[in-house]
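Participant: The structure that follows is given in the form of structure tokens.
No value in this document is a laboratory result; all are computed from the given coordinates. Remember, it's a predicted structure, so these values are computed and weren't measured experimentally. Here the Cβ positions follow ideal geometry from the backbone for every residue, glycine too, while neighbour counts run over all protein chains shown.
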Amino acid sequence: MQTIDFESLTIPPAGYWNGSDATGSFSAGDLIFQNSFDSKWQIWSGFIYSQKNDVTTQGSENQYSVFDQKNGSNKFALFHPVYQGEAFAVFPSGTENSIQSIDLCNTTFAALTMKYGDPFSKKFGGTSGNDPDWFRLSVNGYNRSNVKVGSVDIYLADFRFADSSKDYILDKWTTFDLTSLGKVNKISFSFSSSDMGAYGINTPDYVCLDNIKYINDMIIL
């Protein structure tokens, strides 16, 4: 069993790496995490890594923080989808490995937006607190032939319960089982939400990830 925990990565003075050096990726363990950075607009997509855990500041300027007040100095990765196409976390060419689990948590940007709403996104639950809102992450697995072989849906927030006291916005690192993906060469993430607009999801589509556990399998020739 191997674990990718991002602790070997060097964190820049800003507290995060967002791809502004134009390298296009970073590596942790056996995985290469793809990144895209637009120097004109100074925006990133794909995967980055961080150590920030401001759980109180609302808005996009706090997009690099995990929404877990107990995170401390723990390092982790973040994902935000590219505008067109996909970004992947990829094992070496020709290999397929069995991912066992992954730890996930909301970003503070997404969590506080769902909790309070903003000019672009609704407060989850609505005014009454009873709106059946939800924010879902799909983890998608692909084999070495680039064929999608499985997907696991994970709710980062869920307000669909008849008993509203069970409604939640994920606010701590939580482990999720990915064994149903089987053997994969790469994974990608995609989002869906009950809060949709003319241009797609209104909920900030970000997630934090850590402690990817996988079993090394043989290289497929």
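Participant: Please note which strands (runs of 3 or more DSSP E) are completely contained in segment 104-218 and include at least 1 residues that are of a type in the set (D, E, K, R), in contact (Cβ under 8 Å) with a residue 60 or more places away in the chain and closer than 27 Å to Ala28 by Cβ.
Facilitator: Output list reads 174-177, 186-193, 207-215.
Participant: Further question on the same structure: Would you pick out the residues in segment 51-71 that are in a strand (DSSP E or B) and without any contact (Cβ under 8 Å) to a residue 60 or more places away in the chain?
Facilitator: Taking segment 51-71 first, the residues in a strand (DSSP E or B) are 52, 65-66.
Within segment 51-71, Lys52, Ser65 meet the criteria.
Participant: Does Ala87 satisfy being assigned to a strand (DSSP E or B) and either without any contact (Cβ under 8 Å) to a residue 60 or more places away in the chain or of a type outside the set (Ser, Thr, Tyr) (or both)? If you could, list the steps in order and put the result at the bottom.
Facilitator: On the way: assigned to a strand (DSSP E or B): no; either without any contact (Cβ under 8 Å) to a residue 60 or more places away in the chain or of a type outside the set (Ser, Thr, Tyr) (or both): yes.
The answer is no for Ala87.
Participant: Quick one: which of Leu156, Leu181 is hydrophobic (A, V, I, L, M, F, W, C) and touching a Leu at 6+ places or on another chain (Cβ under 8 Å)? Show your work before the answer.
Facilitator: Values: Leu181 fails: touching a Leu at 6+ places or on another chain (Cβ under 8 Å).
Answer to the selection: Leu156.
Participant: Those residues that are in a loop (DSSP other than H, G, I, E, B), free of Cβ contacts under 8 Å to residues at least 60 places away in the same chain and either crowded, with 21+ Cβ neighbours inside 10 Å or not aromatic (Phe, Trp, Tyr) (or both), I need them from segment 22-48; list them, please. Break it down into steps so the answer makes sense when it comes.
Facilitator: Of segment 22-48, the ones in a loop (DSSP other than H, G, I, E, B) are 22-24, 29-30, 39-42.
With the extra rule that they be free of Cβ contacts under 8 Å to residues at least 60 places away in the same chain, the set shrinks to 22-24, 39-42.
Ala22, Thr23, Gly24, Ser39, Lys40, Gln42, listed by residue number.
Participant: Can you name every residue in segment 121-153 that is among the polar types (S, T, N, Q), surrounded by 17 or more Cβ atoms within 10 Å (Cβ to Cβ) and in contact with a Phe, Trp or Tyr (Cβ under 8 Å, 6 or more places away or on another chain)?
Facilitator: Within segment 121-153, Asn140 is the sole residue that qualifies.
Participant: Go through segment 49-101 and report how many residues are aromatic (Phe, Trp, Tyr) and surrounded by fewer than 18 Cβ atoms within 10 Å (Cβ to Cβ). Explain how you work it out, then say what you get.
Facilitator: Let us first name the residues in segment 49-101 that are aromatic (Phe, Trp, Tyr), namely 49, 64, 67, 76, 79, 83, 88, 91.
Next cut, surrounded by fewer than 18 Cβ atoms within 10 Å (Cβ to Cβ) only: 83.
So the answer is 1.
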